[in-house]
Amino acid sequence: MFLNIWPVSENYVSLLNPVFLADLQTQAARNTKPDYLIRDGLVPLIWFFTNNPEPGQFKAILRIHADFEQFVPPAWRSQVELYDFISDHGAGYLPSAGRNASEIKQIILIGLIAPSGCSLDRLHADLERIVEFAGGHEQLKKIKVRAFLPIRDEGATILNGSSFSPHYILTLWRSLQVDIEFLELEGLKWMYFEHGTWVHEFNEGHLYKDSYLRTLALAKGGRFIPMANSPSTPTVEYSQVIPIYPHVSCGIRREFKKPFVDYLTEQWKPENAETSETFYRAMNSSANIKYPWAKWIPSWCKDFTVSGQEIASPAVTEPQLETSEVTEVASATPASTDWLQPEAPSQEVEVSH
Amino acid sequence: MRIALISMNDESYWRSCCFITEGLRDAYKLQPRDRVVEWRISTAKSHLNPAQMAKEIHNFKPHVISFLDTHPAFGPLLFELSKLKPRWGHYNFRFHAYGDFTCKANLWIKWAAWLKGLNVTFACASPAQARLLQNLLLETQNATEVCPFPVAGEDFSFDPLRRESLRKTFGLKPDDFLIVYTGRLTLQKNVLAALRAFAALSPEILARSRFVIAGEFDDLGAPMRGITIPPGGFFALWQDELNSLAPAVRERIQLLRGMPRADLKDLYSAADVYLSLSLQHDEDFGMAPAEAAMAGLPLVLTKWGGYMTFLEFMPTDHGIHVHLSENNGPEFDIADVTRNLTLLAEQKLTPEDRRRAGAVATAKLSVKSIARNIKRLKRSGPQFRDFKPQVYELAQLFDFKTGTLIFTNFHKGSTYEIIYRTYIEPKVDSAESRIKGAHSFWNRKLEGIRQSLHQSARRLFAS
């Protein structure tokens, strides 16, 4: 998986020990680090907690993205911290009179063209928002639009067919209606993000959450286009703020403010429609269908031992979902489907950032 | 004279290369009485037709075909041009060589086959680079010339008002000592060593000093020594270095982002010294020191490659001697850096001193000045024979995974030492070099007095 989603999965040096869950057991067994920063999206996270509902013998602290707070089981909460990345994008410049904070000189689009990264529906919604942010198509024509969007082949499926990539690019053209300069990774790395550079990452957060591309863009001073039409985010108080990259810090919060969305038991009832839709979309996404999570994220925490001692055979527990083989379309539904009435959700639900 | 310019339409990934090409282009277009036409190659164009482009150039009948940079996309065009011959014999090819010449050895070897027998000159940004390249040419003399990269776009001249304003923003008093480094924050630029040199200043000087570092981090490492750094690695090293410093030192170090050139100009006016300890393998010139020199900033630079050029602008020599270590390649003594910073901390320059020093640099590095330099470049060069075996060895040392050369030893007689010995200045007694520097300063002063007397005499006779 890591190669398939490179370079978002690029390993970066950090004292926070960023890892993917599929690799956590091996890393933990070898490294015995006291804490790990989990880079995964919602789908592998759900698989991990489903197969490891309790920490068992595994004692390290896991740092999980704050957007997934509600999916951390109670048994884990004393061993889990929530993180978010903060950029000081306003700082580090000389004071210059007359510099317009909301000026848009260029828009840079990043992400992977892959069904498990961003579905066509989500792509379309994001592009509409980008056009709106730019002030409409006429204004967008005056803005330089660049993109680093490598194509990653995830194979043909009944869900996405074999023409996902062409449809993706066609959607880009049709929605934006401007010329796009496509970049190589080296171009993105060396590019100078002048004042007025705005960035958007196409990422639904199902497969991965901590993306190297996003961190790179933040470090270079890129400001991310606000996606949700919501009131300004309330100020978050962090227990700790740790610099991890130039001009990027990791804010860590230890206090859980949202209750657990209990997807582990058959009596699961979602607290609200938004959370249930988030779960529904994630478990019905390509990210869940494409990869063999049962094999990659087995149950291991209960009998975890460090390297040098025998590691107990992993016990695979299926989550409380009806899932399919990799190549078949699945409509993964929880055992209790009371909340899933015949009409499917009619509106796009913004997966919170 | 007709000059055909060849350049890339695609913007280079390196920001400084974009400024350099823009400056060279402007300098060529200032040529009086010369007709200059530019052809740009774009890798994005799927209908690239080198034969057609070569024919267009041939029909233009240029006296000189000048390549503004080095790019693999030039190859097919070069091949087509090498087959064409004007009435007068051969075209004259001029290549503006960059510091990464050695890293592109395999490209040059391929092109060598087409260049054989043609008139070729290499315009190099500094005497050190010119010597390096000349030493790589087989049985060919006088094939390299010096043509510094022009500083185009912004006017970097010293601005006392902006100095006062920005220093006030930084919370600096008039007597405070502001050191700046601008450029990439990377291993080979020795930014960490610069921090250590700053930390080693005496407490009295530190108490009134500030070190502002402006640039973007990269993780290039030191690939020529086989040192690669994973993403975020250099930032981790930076954090470690900062955390190892005493709090009193740490609070005097300010990290800024890479900034637009208009802001750099203000920063240079506000600063008291520009410090760069680069030992980058392709430091054939140095755009940041060039800009700082035009602001009249005293420079503390490693005596390495193109940096040595700028030290000639200064009345006193504050260059840091570099020697070649057999194990680690080029090295310098951090104490030497601290000593030079200390000397400059005790020096008080007036705005007039800054303007004068800036004028000296501007006279050598502005677009107009380089345009005059280009006019003096040879119209016809010697016939190209081939490159020396070292260039073929360089091609063998190229590592496709890292995209650079990897050297494993630096002892006398090694490929690295043979090639890069021209990047190091032989050590002289520092007192002697200061006297030499002062000598040249007084020579310039006398020259200035002579010129003003001459002008007065002309006015007197005219009246």
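The values are calculated or read from the model by the stated rules, or taken from the named source; none is laboratory data. For clarity, every value in this text was computed on a predicted model and none was experimentally measured. Cβ: placed from backbone, ideal geometry, glycine included. Neighbour counts: every protein chain shown. The protein model used for the area step is the full one, side chains on, heavy atoms only, and it has no ligands, DNA or RNA in it. Shrake-Rupley method; radii C 1.70, N 1.55, O 1.52, S 1.80 Å.
Here are some notes:
- A dipole drawn for the range A:143-252 from +1 and -1 charges on Cβ atoms has a positive end, and of A:Ser239, A:Leu170, A:Ser211 the residue lying farthest that way is A:Ser239.
- B:Ser325 versus A:Glu194: modelled label distance in nm, points set 7 Å from Cα along the beta carbon direction: 4.1
- Point-charge dipole on Cβ atoms (K/R +1, D/E -1) for the range B:246-358, about Cα centre, debye to 20: 460
- Computed over neighbours whose Cβ is under 12 Å from that of B:Lys378, the net charge equals +3, Lys and Arg +1, Asp and Glu -1.
- Threshold 50 Å² - residues in the range A:1-38 whose accessible area is reduced by that much or more when the chain is no longer isolated, probe 1.4 Å: A:Val13
- Bridge orientation summary for chain B: considering DSSP beta bridges with both residues in this region, about 20 percent are antiparallel.
- Listed by chain and number, the lysines whose C-alpha is less than 20 Å from the C-alpha of A:Lys290, apart from same-chain residues fewer than 8 away, are A:Lys209.
- Calculated FRET efficiency for the pair A:Glu274/B:Ala359, C-beta based, R₀ 60 Å, to 0.05: 0.35
- For the range B:124-130, the Karplus equation 6.51 cos²θ - 1.76 cosθ + 1.60, evaluated at θ = phi - 60°, returns couplings of 10, 6, 8, x, 5, 5, 4 Hz by residue, with Gly and Pro reported as x.
- Accessible surface buried upon A-B contact (total; probe 1.4 Å; Å², nearest 100): 2300
- Selected from B:Ser278, B:Pro260, B:Pro289, residue furthest toward positive end of dipole (the range B:247-289; charges at beta carbon): B:Pro260
- Accessible-area composition of the range B:224-339, carbon plus sulfur, in percent [1.4 Å probe]: 49
- Selection among B:Trp39, B:Phe313, B:Ile213 by position relative to the dipole of chain B gives B:Trp39 as farthest towards the positive end (Cβ unit charges, Cα centre).
- With θ taken as phi - 60° and the Karplus curve 6.51 cos²θ - 1.76 cosθ + 1.60 applied, the whole-hertz 3J(HN,Hα) list for the range B:363-378 is 5, 9, 10, 6, 4, 5, 5, 5, 4, 5, 4, 4, 4, 7, 5, 5 Hz, x standing for glycine and proline.
- Taking 0.36 nm per residue of sequence separation and removing the Cα-Cα distance, the B:Glu204/B:Asp176 pair yields an extension gain of 9.0 nm.
- Taking the chain by itself as reference, the range B:242-263 contains these residues with an accessible-area loss of 20 Å² or more in the full protein complex (1.4 Å probe, heavy atoms): B:Leu255, B:Leu256, B:Arg257, B:Gly258, B:Met259, B:Pro260, B:Asp263.
- Put simply, when A:198-207, B:134-143, B:258-267, B:204-213 are sorted by average Cβ atoms within 10 angstrom per residue, most first, you get A:198-207, B:258-267, B:204-213, B:134-143.
- Per-residue ellipticity at 222 nm computed for chain B from its helices equals -13000 deg cm²/dmol, with DSSP H segments shorter than 4 residues left out and the rest contributing -39,500 (n - 2.57).
- Sorting A:284-292, A:185-193 by their mean Cβ neighbour count within 10 Å, with the most densely packed peptide first, gives A:284-292, A:185-193.
- Eligible lysines near A:Lys144 by straight Cα distance, threshold 20 Å, same-chain separation 8 or greater: A:Lys105, A:Lys189, A:Lys220, B:Lys45
- Given charges at beta-carbon only (K, R positive; D, E negative), |dipole| of chain B in Debye: 2040
- Here the range B:301-344 is scanned for amide nitrogen atoms under 13 Å from the site 7 Å beyond the Cα of B:His411 along Cα-to-Cβ, giving B:326-328.
- Residues of the range A:234-253 whose accessible area (probe 1.4 Å, heavy atoms of protein chains only) drops by at least 50 Å² once all protein chains are present, relative to their chain alone: A:Pro246, A:His247.
- Nonpolar atom fraction for the range B:82-195, defined as the carbon and sulfur part of the 1.4 Å probe accessible area, stands at 52 percent.
- Taken residue by residue and averaged, Cβ atoms of other chains lying within 10 Å of the Cβ of A:64-76 number 0.
- By the rule of a C-alpha distance below 13 Å, with chain neighbours fewer than 8 residues away ignored, the aspartates and glutamates paired with B:Lys364 are B:Glu291, B:Glu312.
- Modelled FRET efficiency - R0 51 Å, A:Lys295 with A:Lys144, Cβ distances, 0.05 increments: 0.70
- Solvent-accessible heavy-atom area per residue, rounded to whole Å², over the range B:154-303 at 1.4 Å: 31
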